[in-house]
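Visitor: My structure is below; once you've seen it, I'll send some questions.
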Amino acid sequence: MSAPISRNSPSPGSPSDEVAQFDGAEALLRAWGRGLTPDPWLTVSEWADRHRWLSSRASAEPGRYRTDRTPYMRAIMDALSPGHPAQRVVFQKAAQVGATEAGNNWIGFVIHHAPGPMLAVQPTVELAKRNSRQRIDPLIEESPALKERVRPARARDSGNTQLSKDFPGGVLVMTGANSAVGLRSMPARYVFLDEVDAYPASADEEGDPVGLAEARSLTFAHRRKVFLVSTPTIRGVSRIEREYEASDQRRFFVPCPHCGAMQWLRFERLRWEKGKPETTAYHCDACDEPIQEQHKPAMLSLGEWRPTAEARDARTVGFHLSALYSPPGWKSWADIARDKEAAAGSDEAERVFRNTVLGETWIETGDAPDWQRIAERREDWPAGT
């Protein structure tokens with residue numbers, strides 16, 4: 001009669017039969033077992049914290065990505081996760097608040113965790129090439145989870161070029177909003193539309209590039225995800241403002257360190273002595289006590305996104321963020337006051353301040369050009385109408 005086999009003993013014919021007799025066999029078997037264990041299901045922000053590394057080629061803060069550095073990005077990234085009900089995510093923002101890296105985190109998540117066809121659109125094909133070289137290549141090269149899934153473009157038969165990255169289960173195609181051919185190149189479950197306010201009015205005279213790109217995702221129905229991101233431009237012309245106003249218009253509410261009142265930060269509550277931006281403080285909506293820059297990290301960590309309107313389409317969520325929320329070491333409240341004083345007296349400088357610092361559209365005064373008046377009369381229609 002043969003001896004009974006222990007539950008903990010490797011089964012006959014398993015790889016462990018051949019390795020169990022030498023030193024280090026136990027460690028090897030554990031590693032082999034881990035390799036058979038499926039990856040845990042993660043949200044985009046969880047994936048970024050676990051797998052994303054920032055390159056010195058593309059980031060001022062190289063090293064492991066930490067969502068806690070920009071806590072306001074967590075909900076935006078997680079709305080892009082397959083488990084979230086939103087199909088369209090709109091982000092109207094100031095410049096340099098971490099949106100680009102959040103979008104890259106989504107790309108990495110798709111490649112590693114939820115593969116499928118993805119279309120990423122920059123304003124022009126040339127910008128798409130530059131973004132691929134400066135952002136996407138470092139994203140892949142610096143993150144081991146991605147590097148093992150995307151072969152270098154220089155490898156023979158890799159299936160990868162500067163504007164196309166093949167990976168198991170999907171492909172990332174990058175193009176410009178000025179290329180109608182690129183926008184209708186393939187069906188796409190995921191569509192990343194970056195800096196939409198810089199898109200041309202029409203792609204090769206074939207229509208609105210946003211509509212053309214979104215149409216590629218319609219066959220994926222409820223499984224699709226579309227991410228529209230931009231700093232805004234001019235009121236009545238801005239694509240991102242129009243999309244945001246059609247959404248549930250979420251604002252990031254943070255607590256006052258003095259009275260605890262939750263509020264979203266508005267430029268009008270910043271106060272400083274004229275000519276002395278270093279005296280800048282934010283004054284609470286509720287108690288009017290001055291809030292200093294050093295209070296910001298705790299405020300951001302306790303912040304939460306709240307809708308302020310009812311969306312025209314419940315499948316669309318919208319977020320707005322100004323530079324007032326920039327984390328320590330980025331743009332401070334004193335920097336914002338300094339920028340505001342420097343812009344005084346110049347419409348062009350004021351416009352840049354409003355667009356890139358406040359994340360708001362510029363309102364033309366006096367006689368606006370005819371094209372702007374026509375643009376103001378545009379109406380919203382769902383993609384594919």
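The values are calculated or read from the model by the stated rules, or taken from the named source; none is laboratory data. Predicted, not measured: the structure shown is a model, and the values here were computed from it. Glycine gets a Cβ as well: all are built from the backbone with ideal geometry, and neighbour counts include every protein chain shown.
Visitor: For the range 61-88, what are the residues that are of a type in the set (Ser, Thr, Tyr) and within 18 Å of residue 249 (Cα to Cα)?
Guide: 72
Visitor: Hey, another quick one. What residue, of 374, 291, 336, is more than 30 Å from residue 221 (Cα to Cα) and at pLDDT below 95?
Guide: 374
Visitor: Name every residue in the range 73-100 that is of a type in the set (A, V, I, L, M), closer than 21 Å to residue 116 by Cα and without any contact (Cβ under 8 Å) to a residue 40 or more places away in the chain, in order of residue number.
Guide: 77 - this is the single residue of the range 73-100 that is of a type in the set (A, V, I, L, M), closer than 21 Å to residue 116 by Cα and without any contact (Cβ under 8 Å) to a residue 40 or more places away in the chain.
Visitor: Among the numbered criteria (1) over 22 Å from residue 359 (Cα atoms); (2) without any contact (Cβ under 8 Å) to a residue 60 or more places away in the chain, which one does residue 134 miss?
Guide: (2)
Visitor: A further question on this structure: Can you pull out the residues in the range 314-338 that are outside any loop (DSSP other than H, G, I, E, B), under 19 Å from residue 268 (Cα atoms) and not hydrophobic (A, V, I, L, M, F, W, C)?
Guide: The answer is 320, 325, 335, 338.
Visitor: A further question follows. Could you tell me which residue of the range 55-74 is farthest from residue 323 (Cα to Cα), considering only residues that are surrounded by 18 or more Cβ atoms within 10 Å (Cβ to Cβ) and in contact with a strand residue (DSSP E or B) (Cβ under 6 Å, 6 or more places away or on another chain)?
Guide: The extreme case among them is 65.
Visitor: Further, regarding this structure: Condition (residue is touching a helix residue (DSSP H, G or I) at 6+ places or on another chain (Cβ under 8 Å), of a type in the set (S, T, N, Q) and free of Cβ contacts under 8 Å to residues at least 60 places away in the same chain) applied to the range 200-217: is it met by at least one residue?
Guide: yes
Visitor: What number of residues within the range 184-215 are assigned to a loop (DSSP other than H, G, I, E, B), buried (at least 24 other Cβ atoms within 10 Å of the Cβ) and in contact with a strand residue (DSSP E or B) (Cβ under 6 Å, 6 or more places away or on another chain)?
Guide: Within the range 184-215, residues that are assigned to a loop (DSSP other than H, G, I, E, B), buried (at least 24 other Cβ atoms within 10 Å of the Cβ) and in contact with a strand residue (DSSP E or B) (Cβ under 6 Å, 6 or more places away or on another chain) number 1.
Visitor: Let me ask something else. Anything in the range 228-265 that is of a type in the set (A, V, I, L, M, F, W, C) and either part of a loop (DSSP other than H, G, I, E, B) or over 24 Å from residue 362 (Cβ atoms) (or both)? List them, or say none.
Guide: Matches in the range 228-265: 237, 246, 253, 254, 256, 259, 261, 262, 265.
Visitor: Looking at the range 272-313, which of its residues are closer than 19 Å to residue 261 by Cβ and part of a strand (DSSP E or B)?
Guide: Matches in the range 272-313: 281, 282, 283, 290, 291, 304, 305, 306, 307.
Rundown of residues vs (1) under 25 Å from residue 318 (Cα atoms); (2) touching a Pro at 6+ places or on another chain (Cβ under 9 Å); (3) not basic (Lys, Arg), yes/no style:
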{"position": "74", "(1), (2), (3)": "yes, no, no"}
{"position": "80", "(1), (2), (3)": "yes, no, yes"}
{"position": "93", "(1), (2), (3)": "yes, yes, no"}
{"position": "105", "(1), (2), (3)": "yes, no, yes"}
{"position": "131", "(1), (2), (3)": "yes, no, yes"}
{"position": "139", "(1), (2), (3)": "no, no, yes"}
{"position": "146", "(1), (2), (3)": "no, no, yes"}
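Conditions tested, residue by residue: (1) closer than 22 Å to residue 74 by Cβ; (2) loosely packed, with under 14 Cβ neighbours inside 10 Å; (3) more than 21 Å from the chain's Cα centre (by Cα); (4) not basic (Lys, Arg).
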{"site": "298", "(1), (2), (3), (4)": "yes, yes, yes, yes"}
{"site": "301", "(1), (2), (3), (4)": "yes, yes, no, yes"}
{"site": "305", "(1), (2), (3), (4)": "yes, no, no, yes"}
{"site": "311", "(1), (2), (3), (4)": "yes, no, no, yes"}
{"site": "314", "(1), (2), (3), (4)": "yes, yes, no, yes"}
{"site": "319", "(1), (2), (3), (4)": "yes, no, no, yes"}
{"site": "323", "(1), (2), (3), (4)": "yes, no, no, yes"}
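Visitor: In the range 323-354, what residues are out of contact with any Phe, Trp or Tyr (no Cβ under 7 Å at 6 or more places or on another chain), under 30 Å from residue 89 (Cβ atoms) and hydroxyl-bearing (Ser, Thr, Tyr)?
Guide: Passing the criteria: 326, 332.
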